[in-house]
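Student: Structure in C-alpha cells, see below.
The values are calculated or read from the model by the stated rules, or taken from the named source; none is laboratory data. A quick note: this is a predicted structure, and the numbers were derived from the prediction, not measured. Here the Cβ positions follow ideal geometry from the backbone for every residue, glycine too, while neighbour counts run over all protein chains shown.
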Amino acid sequence: MPALVTPRLRLVPVTLAAVEAVIARDRAAAEAVVGARFPESWPNDDLIARAFPVSIAEIRAAPDVRLWGDSLVLLRDEPRVVGSVVFHGKPADGVAEVGYGIEDDSRGKGYATEATRACVEWALGERTVEVVQATTFAWHHASITVLRRCGLAQVGVRPHEIFGEVLVFERRR
C-alpha cells in the first residue's frame, strides 16, 4: 500500500520493522521506524492482542500478505500517530476485511472516518478486491456511523465466539 494523504491525515504503511518494535514493546524503536510519536498508552497488551491476531512468525513469513493495506494514521501537520486502519491480510477471495482504531484522546474528531474512507477507496481500486467488509457490534454506534460514512451498508450478521453476534457491513466496487 502506498502512503495516502487526506486533508488532515497521513496514512503510512505498516512495516515489518514497526510490527517487531511494537510487539517487543520498544516504544523508542517503533517511533524511530515510523518517524512519529506514539500515543502514551501505546504499545500495550490490548493493542498488540487486537492488532496482531497472528503470530510474529506468520507475519515474518509473509509480510506482504499479513500486512497488506495496513497503515498507521498520523496527523498531517504533526508527527504523531493517532490510530491505525488494518486489513485482515491480503484477500485471496476478493473480500478485504477492514478494521480501524483511534486512540482515546483523538476520538470524536472524524479521524476514523477520514482514514478508513481513504483505505477503503484504495482497496476497492486494487484489481483483486471486489468488496470491502467490516464487522461491529450493534451497540457500537460510533463504529456504525464510521462505516456508513465510508459507504458501507449492513448486509447481515455473523456469529461471534464471545459476544454472540456482530453486524456485517460491506461496500462493493
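Student: For the stretch 61-75, how many residues meet the condition of being at positive phi and in a strand (DSSP E or B)?
Tutor: Number of matching residues: 0.
Student: What residue, of 77, 46, 64, is of a type outside the set (Phe, Trp, Tyr) and closer than 24 Å to residue 173 by Cα? Can you show your working first?
Tutor: Details: 77 fails: closer than 24 Å to residue 173 by Cα; 46 fails: closer than 24 Å to residue 173 by Cα.
Checking each option against the conditions leaves just 64.
Student: OK, next. Of the conditions (1) assigned to a loop (DSSP other than H, G, I, E, B); (2) out of contact with any Asp or Glu (no Cβ under 7 Å at 6 or more places or on another chain); (3) over 30 Å from residue 125 (Cα atoms), residue 32 satisfies every one except a single condition; which number is it?
Tutor: Only one criterion in (1) assigned to a loop (DSSP other than H, G, I, E, B); (2) out of contact with any Asp or Glu (no Cβ under 7 Å at 6 or more places or on another chain); (3) over 30 Å from residue 125 (Cα atoms) is unmet by residue 32, namely (1).
Student: Additional query: Working only within the stretch 76-100, note down all residues that are under 12 Å from residue 39 (Cα atoms) and either in a loop (DSSP other than H, G, I, E, B) or over 9 Å from the mean Cα position of the chain (by Cα) (or both).
Tutor: Within the stretch 76-100, 79, 80, 81, 82 qualify.
Student: Count, please, the residues in the stretch 46-72 that happen to be in contact (Cβ under 8 Å) with a residue 40 or more places away in the chain, of a type outside the set (Gly, Ala, Ser) and within 19 Å of residue 125 (Cβ to Cβ).
Tutor: So the count comes out to 3.
Student: Additional query: Got at least one residue in the stretch 40-59 being among the aromatic types (Phe, Trp, Tyr) and at pLDDT 85 or above?
Tutor: no
Student: Can residue 80 be described as without any contact (Cβ under 8 Å) to a residue 60 or more places away in the chain, farther than 22 Å from residue 166 by Cα and exposed (fewer than 13 other Cβ atoms within 10 Å of the Cβ)?
Tutor: no
Student: Filter the stretch 101-160 down to residues that are among the hydrophobic types (A, V, I, L, M, F, W, C), in contact (Cβ under 8 Å) with a residue 12 or more places away in the chain and assigned to a loop (DSSP other than H, G, I, E, B), then give me how many there are.
Tutor: Residues flagged as among the hydrophobic types (A, V, I, L, M, F, W, C), in contact (Cβ under 8 Å) with a residue 12 or more places away in the chain and assigned to a loop (DSSP other than H, G, I, E, B) within the stretch 101-160 amount to 5.
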